[in-house]
Each structure stands twice: as structure tokens, then as C-alpha cells.
Amino acid sequence: MEGMDFYLYGSRCCPLLEYLGAEFVARLDAYPFEQMKRMSDKRQEWDANWKLALEAFIEGYHLQGLHPQLIPLADTYRTQRDVFPNGHSASISRFLIPSEQYAHRLNAKITDEHNLFMREAGIDPVTFQGGPADVREAIIKSKRANAKTAGYDFSMFDDEQLIDDWTVKLFPSCTFNTHPEGVLVQRWLPHPTDPEKLTYISQIWALPGRELPSYMGIPSDADRSGKSIRKPVYLDKNDLESLGPVISQDASTMPKIQKRLRSDGFKGSIYSEQEILIRQFYAEYERYVSLED
Ligand SMILES: [Fe+2]
């Protein structure tokens, strides 16, 4: 966690490492945060409560309904979900492979996205001999083989960390989508007076001076040398396009769900086993709000 500052507005405080816990911090040990530079910083007001938005970013199964374009690319069925003390959590979803309930319905063919990720890993899709199920392994091998030339040191990372999406959540409302090349940091901050509004903050921190994967979504005009740090860009509320194709789908849906919470028919949420990270979040949240100052 070196290279980042953390602050707390409040009187109840303890040392950061004690708050995060050794086991949780170990999950982040391999990532060279101290070398990363901020290359994107987008902020926008959303018409939703911050907890509602957070829910959508700590579970992955909504992908099949809201982000159908990602169905061939992420296994959200067999996601590993880990809970840690003090409300922190982590989830790992396999990338470039569909959930098994979709595998037999999809044509077993290499998609444009497979080709893109192969090219970025140094594989020529034209001469690639395998099928879509072989792409993950090929990319992992190629990334390892080309790491030194590309200026990366992947020796601290497991194979899965070179390709999968690791979402690490710091309680209460910060997630790190970690990759060896960089990290997407997202936050959902409560509005000071209106519980049905929040400020969404999305930042990309990445290793400067190297080729960076396109899935990181670094703006085309970002200074990839790392010499100038990206300043925050405050997006107009109606500017969904600047959020990118995936987050814009989340952002446009959020206010609709917020409105539905006011329906007479809504008596409260029932969370399934699959939603253990949301259940853990609310258990910790309830513990906090029940504490006396
Ligand atoms: Fe989403």
C-alpha cells in the first residue's frame, strides 16, 4: 500500500495497517503502487445512494443482465469471494472465459476481444492455433515471456493475477481492480445532505513509460510518461459516454433502481449466498451506525 495516502474524517481511528489487517494487505503485496502514476481521474454525481451503487460493484452476476457484451469475457459464476475483518473483502473472476451456463450457448470461436488481448500480450492472432478456451493460458505464457522486454517484473504475481480481475474492497466504499500494470480505484462518496445522491470517483493508476493494456481505459490524451499527474475531470451528469461502455451502463441504471426502492411493494432486500460480500458490507455498516459517538 506504499505510495498512497489514506485519511479519515472522524474521531474513531487506528493505524491503517491495523485497520486493514495483515492478511488483507498481503493480497496487495505484489502490486507496485508506489511506482504508479495517476493517468485518469473522473468524477460525476449520480442520483443514487452510495450504498446502492457500491452493491453493484462488489458482485459480478449482474453482468449477464446489464453488460451482455462481457458475457464471453468473464466467468462471474465461479467467482472466488473472500471476506476479511473490518468489512474488507476481495473477489476474483476469471477473465476471457464465460460462465459455464453460457459456455455451451456461445459459438466456440475466437472473438474480436480475444484477438485484442492476444495482440496486446504479443501473440499474433492470425497464426494462433488454439480455440477460445486456450487463449487465457497463451496470454499468461506470452506475458511472462515478454515481461522483461516490456519493462515489467511479474515475478511476484501468480499466473491468474496476470489476466483475471481481482476486485479488492476497502471498507466502507473503495474498490481496487488490480492488475500488474495498474489499478482502477473507484469510490462512491455520500452526498453531504441528500441521501439519494453520491459522488462517483474513478481513477486509474498505472506504471509509467510502458505499453498499458487497453482494458484499463486510460484516456488517449493521458501523459503515460507519468511526468504530469492527471487532474480530476468533473463530468456533466448527462455525460455517460465519458464513463466508457461498461460503467455507463451501471451509471444509467442506478437512478432507476434508487426510484424503485420507494415502491410500496419493496419491503427490503433479501440477499442470496452469492451476495455474501454485500451481506458482509451491511453487517459491518450496521455495526458502525449502532456505535455511539
Ligand atoms: Fe456493472
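Just so you know, all these numbers are worked out from the coordinates, no wet-lab data involved. Keep in mind the model is a prediction, meaning the values are calculated, not measured. Glycine also receives a Cβ, built like all others from the backbone with ideal geometry; neighbour counts cover every protein chain displayed.
Fully extending the segment from E160 to S248 would add 28.9 nm, taking 0.36 nm per residue of separation and subtracting the current Cα-Cα distance. Evaluating 6.51 cos²θ - 1.76 cosθ + 1.60 at θ = phi - 60° for every residue in the range 93-99, the Karplus couplings come out as 10, 5, 10, 6, 8, x, 4 Hz, glycine and proline recorded as x. The simple Förster model, with R0 at 25 Å and r as the Cβ-Cβ distance, assigns Y282 and M4 a FRET efficiency of 0.40. Here the range 28-90 and the range 220-261 have alpha carbon centers that stand 14 Å from each other. For q = 0.14, 0.17, 0.18 Å⁻¹, what log10 I(q)/I(0) does the range 130-206 give under the Debye formula with an equal point scatterer on each alpha carbon and no solvent? Log10 of I(q)/I(0), two decimals: -0.61, -0.76, -0.81. Normalising the Debye intensity of the range 97-159 to I(0), with uniform scatterers on Cα atoms only, and taking log10 at q = 0.21 Å⁻¹ returns -0.86. For the chain, the mean residue ellipticity at 222 nm estimated from helices alone is -7500 deg cm²/dmol, where every DSSP H run of n ≥ 4 contributes -39500 (n - 2.57) and the total is divided by all residues, rounded to the nearest 500. Here r is the Cβ-Cβ distance between K256 and C13 and R0 is 30 Å; the resulting FRET efficiency, rounded to 0.05, is 0.20.
Evaluated with a Cβ-only charge set (Lys, Arg +1; Asp, Glu -1), the range 155-254 carries a dipole of roughly 480 debye about its Cα centre, given to the nearest 20. In plain terms, the residue of H62, H67, H88, H104 with the fewest other Cβ atoms within 10 Å comes first and the most crowded comes last, giving H104, H62, H67, H88.
Exposure proxy for E196, E55, E18: other Cβ atoms within 10 Å of each Cβ, ordered fewest to most, give E18, E196, E55. Across the range 29-127, counting alpha-carbon atoms alone, Rg and Dmax equal 17.1, 49 Å.
At an R0 of 41 angstrom, the distance between the Cβ atoms of A145 and I229 translates into a FRET efficiency of 0.80. In degrees, nearest 10, range 0 to 90: what is the angle between the Cα axis of helix 247-260 and the longest Cα principal axis of the chain? Tilt of helix 247-260: around 30 degrees. Legend: ranking of residues R230, R260 from fewest to most surrounding C-beta atoms inside 10 Å; resulting order R260, R230. Within the same chain, lysines fewer than 8 places from K231 are excluded, and of the rest, those with a Cα less than 28 Å from its Cα are K37, K42, K51, K169, K197. For the chain, the Stokes-Einstein estimate of translational diffusion at 25 °C and a viscosity of 0.890 mPa s comes to 120 µm²/s, using the Kirkwood hydrodynamic radius over alpha-carbon pairs.
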